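Here's the structure we're looking at; comments come further down.
The values are calculated or read from the model by the stated rules, or taken from the named source; none is laboratory data. The model shown is predicted, which means the values in this text are computed figures rather than measured ones. Note that we place each Cβ from the backbone using ideal geometry, even for glycine, and neighbour counts take in every protein chain shown. Accessible surface is based on the protein model in full, side chains and every heavy atom, while ligands, DNA and RNA are left aside. Shrake-Rupley method; radii C 1.70, N 1.55, O 1.52, S 1.80 Å.
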Amino acid sequence: MKASSLSFQAAVVLVLAGMGWGVVMAASGDHSTMPAHAHLNLLGWVSLFLFGLFYHLHPTLDRSRAALAQVWAWIVATVVLTIGVGLVHSGRPVGDPIAAVASLAIIADMALFGWLVLRREAPSPRTAAPLPAE
Ligand code: HEM
């Protein structure tokens, strides 16, 4: 599977869950877990969709295992972070270490994405300078 396809599909699943969460908050009048809803939608919908667009624009990277691993790690870490933040804001401190570990995983995964972007943008040795015969 291409990284962009996984990004787009997971983004839709996560935003549907996030919207459902928003409807439940609005209907119940209990907005205490609003930070978890916001993180689920922003990491799970907005960020994943943007990853998908970037990978779609770079077809070689899109088919790489590194990009696919980056997207999977993002999906898992987003779900775990959402659970952790949701627990904390519904009065269960057990969510604190869960959110902490997931947040570190998300930062590391964003660093991986940054490395993939830089590697993609860096000129390869073959194109950086013309060969003497050219
Ligand atoms: C059916 C769709 C949605 C519903 C019903 C919904 C509902 C809500 C509710 C009830 C709140 C709490 C507001 C408050 O207590 O002040 C909230 C906050 C928030 N939502 Fe949603 N939401 C939806 C979709 C989204 C999406 C798609 C995103 C992001 C892409 C999003 C991002 C946020 C953010 C960032 C906040 C926090 C706002 C603040 O800090 O004041 N929501 N939402």
- Pick out, from Val76, Ala26, Pro97, the residue whose Cα sits farthest towards the positive end of the charge dipole of segment 3-122, with +1 on the Cβ of Lys and Arg and -1 on the Cβ of Asp and Glu. Val76
- Charges only on Cβ, +1 for Lys and Arg, -1 for Asp and Glu: so what's the dipole of segment 3-122 about the Cα centre, in debye to the nearest 20? 260
- Task: Using only protein heavy atoms and a 1.4 Å probe, report how much of His58 is accessible, in Å² to the nearest 10.
- Result: 30
- Taking Lys and Arg as +1 and Asp and Glu as -1, residues besides Ala67 with C-beta under 13 Å from its C-beta add up to +3
